[in-house]
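Here, each number is a calculation from the coordinates, and none is a lab measurement. Since the structure is predicted, the reported quantities are computational estimates derived from the model, not experimental observations. Neighbour counts are summed over all protein chains in view; Cβ atoms, including those assigned to glycine, are modelled from backbone coordinates with ideal geometry.
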Amino acid sequence: MMDKTAFTAAVLDAEPTLYRVARSMLGSEHDCADAAQQAILRAWEQLGTLKKPQYFKTWLVRILINECNAILRLRQRLAPYEPAAAEAVPAPAAEDHSDLYAALMALEEKYRLPVVLYYWEGFKTREIARMLGVPEGTVKTRLRTAREKLRETLEGACFA
């Protein structure tokens, strides 16, 4: 069982990952912060259910994904889509490879999330499968499909 100090250190280590995963799912800075805070709180409350501390980050990201999905469901129930609000999300900085970022954000979430978890966060396909609750083969297929879609989009942008 992790103590408070170990938990805090593990959360601080996972913080950049939490932000990037939440950002890839939610877009909004405010919602990202809410999802991360709620995931950390839920993780603290459910710390006794963590069987293997070495999988803390995977476990925490799974909790975050659940929180992000809850926020997305709430958004659908509460507010109609407003194009002006979507345009208010700040554009990535130039060093963020904005063409790639835009292409990635254009992917459906079921493709975007495995890409972020695998390529940016370095999780193994087995870990991603556990986080998303799908078979490992599905993760591999989604990664392959995402790469193909990104390639098409980016090649199209280069020749436009």
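Please state the charge dipole magnitude for the chain, taken about the Cα centre, from unit charges on C-beta atoms (+1 on K and R, -1 on D and E), reported in debye and rounded to the nearest 20.
Values: 22 positive and 21 negative charges, 181 e Å.
Its charge dipole is roughly 880 debye.
Run lengths n ≥ 4 of DSSP H only: what is the helix-derived mean residue ellipticity at 222 nm for the chain, with -39500 (n - 2.57) per run over all residues, to the nearest 500?
Values: 8 runs with 116 residues, N = 160.
Mean residue ellipticity at 222 nm (helix-derived): -23500 deg cm²/dmol.
Could you rank the peptides 120-130, 135-145 by their average count of other C-beta atoms within 10 Å per residue, with the highest value first?
Going from most to least packed, we get 120-130, 135-145.
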